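Colleague: Before I ask anything, let me first share the structure, which is written out below as C-alpha cells.
The values are calculated or read from the model by the stated rules, or taken from the named source; none is laboratory data. On a predicted model such as this, the values are computed, not experimentally measured, just so you know. Virtual Cβ from ideal backbone geometry, glycine too; neighbours counted across all protein chains shown. Protein only, heavy atoms only, side chains kept; ligands, DNA and RNA dropped before computing areas. Shrake-Rupley method; radii C 1.70, N 1.55, O 1.52, S 1.80 Å.
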Amino acid sequence: MPKQVVIFIAPPGAGKGTQADLLAGAKGFFHLESSKVIEDKFSSAAADDVVIQEEIKKNRSGILNEPKLVSEWMKERIKQLADQDTSIVFSGSPRTLFEAEQLVPFLAELYGKDHIKIFNINISDEESIRRNSARRMCKANRHPIPNLPEFQNITVCPQDGSELMHREDDQPERIRVRHQEYKNRTAPVLVYLHDHGYEIIQISGEQDIKKVSDDILQNFKTN
C-alpha cells in the first residue's frame, strides 16, 4: 500500500488525538503531533533565545504559536518521515490558514494529493468546552485520556501503564482562548482544503470512541 497522509481537523476536545493514536495502531501510521514538535523545540531552546521564549509565553496562554515557525518545524519532521516511506496521521496540524498554505502543497508533493485524506470530527461548542475541562494525558508518551465516562475512574494509562496527569493548557481560561482560536484560525483551513479540491470526510465526534474509530476506518481499503 502506498504511503498516505491523514489529517484530522476538529475543535479542542473532539478526540482527534485519541483517533490518531487508534488509526496509527490499526494502520501503521506515525502520529505526528504539532504540539510535541513544538514542545521539543521549546525544551531544547536556549534561555536567552528571545523569539522562542516569547513563543513559550504565547503557548502557555492558549494562543497559537507563530505559524511561520511552526510550519518550518513541521516541514523538517515531515521530510524525515517521508524519506523513510512512513505514512503520517496529523491530529493538530495545520492549525492556521498560513500553515495549510505551507504544509498541504508540501505534503502533496511528497505523498501525492490522491493519498491525502481529510477528516472533520464534529462536536458542539458546549461539548468541546466540557471535554476540555477535565481531560488528562499520560506522562510517559502523552497518550490522551478523554473526559468521557469510561475513563473517569482509571488512574494509569491503558496503553503504557504510566501515571496520568492533567494537561497544563486545560485551565478554564486557556480553554476559552483555545476554543476561540480554533473558530477564528483553524476552522478556515476546512474552506481552504475544500477550495483546493480535497474531499472533507465528516465524522460525528459525539459518539463513543469505538464508533468514531469505526466510522473513520470505513474510509480505508482493506490491505
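Colleague: Using a Förster distance of 30 angstrom, determine the FRET efficiency expected from the C-beta separation of V177 and I201, and round it to 0.05. Mind showing how you got there, number by number?
Modeller: On the way: r = 29 Å, r/R0 = 0.95.
Working from the Cβ atoms, E equals 0.60.
Colleague: Right, here's the next one. For the stretch 86-105, list residues with backbone N below 15 Å from a point placed 7 Å from the Cα of K68 toward its Cβ?
Modeller: Flagged as within label range: 98-99, 102.
Colleague: Still on this structure: So how do E72, E181, E66, E126 rank on accessible area, 1.4 Å probe, biggest first, that is with the largest at the start? Write out the running numbers ahead of the final one.
Modeller: Details: E72 95, E181 30, E66 70, E126 135 Å².
Sorted by accessible area, descending: E126, E72, E66, E181.
Colleague: Provide F98, F90 ordered by accessible surface of protein heavy atoms (probe 1.4 Å), highest first.
Modeller: On the way: F98 80, F90 5 Å².
Largest to smallest exposure gives the sequence F98, F90.
Colleague: Would you kindly derive the ³J(HN,Hα) couplings of the stretch 86-101 from the backbone phi angles with the Karplus curve 6.51 cos²θ - 1.76 cosθ + 1.60 (θ = phi - 60°), listing them in order in whole Hz, with x for Gly and Pro?
Modeller: 9, 6, 10, 10, 9, 10, x, 7, x, 9, 9, 4, 4, 5, 4, 5
Colleague: Here's something else I'd like to know. Please check which bits of the stretch 125-146 a label hung off E163 would reach, taking the label as a point 7 Å along Cα-to-C-beta and the cut-off as backbone N under 18 Å.
Modeller: So the set is 136-145.
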